[in-house]
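Peer 1: Take a look at this one; I'll ask things after.
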């Protein structure tokens, strides 16, 4: 048994009021996402990531997705789309000078490693940004739009942490991000 939220047909791994997390955790208690065993994912292309997003969406809508973290499927999709959009349109995240100084030195590791699990941005009320609850359909629509935008070209705006990035680097950054968040969703057959 693992910590998770069972989806029902048409729902999105609905929130804590329907959670069955096991291990004696009371309903409504947040999952420590740093301790969740993620589903291993590895994407090389935007098309691979989108194929998995489509598969997760179909499973969630059919009631065959289990969310092992604290977010619903639509919320995960919306979060991924928001971060891509902010690369193009400007970010609400403005890290301190020392993060911007060290960011370029960490870029290769971040782009070629796995996304840090349970990382929280200092000052972000929810630990990160772009976490509004969305339906699966709306989150999927936003993912389709933003991943297509990313596939078509790189943002002109420098990344707030890593500075100027090539198109390939922007894609890698968002693929690692998608691997991490989609890893919290188990898809049943």
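Peer 1: Ranked from highest to lowest mean number of other Cβ atoms within 10 Å per residue, what is the order of the peptides 169-177, 41-49?
Peer 2: 169-177, 41-49
Peer 1: What is segment 24-102's relative contact order, in percent, from Cα pairs under 8 angstrom and six or more apart in sequence?
Peer 2: Answer for segment 24-102 is 28 percent.
Peer 1: Using 7 Å Cα-to-Cβ label points, what is the residue 47/residue 88 separation (nm, one decimal)?
Peer 2: 2.0 nm
Peer 1: Now for a different question. Between residue 117 and residue 55, what is the FRET efficiency for a Förster distance of 25 Å, r being their Cβ-Cβ separation, to the nearest 0.05?
Peer 2: E between residue 117 and residue 55, to the nearest 0.05, is 0.70.
Peer 1: At 7 Å along Cα-to-Cβ for each site, give me the label-to-label distance between residue 157 and residue 108 in nm.
Peer 2: Each label point lies 7 Å from its Cα, and together they span 2.8 nm.
Each value in this text was obtained by applying a stated rule to the coordinates, not by laboratory testing. None of these values were measured; they are calculated from a predicted model. Ideal geometry is used to build each Cβ from the backbone, glycine not excepted, and the neighbour counts take in all protein chains shown.
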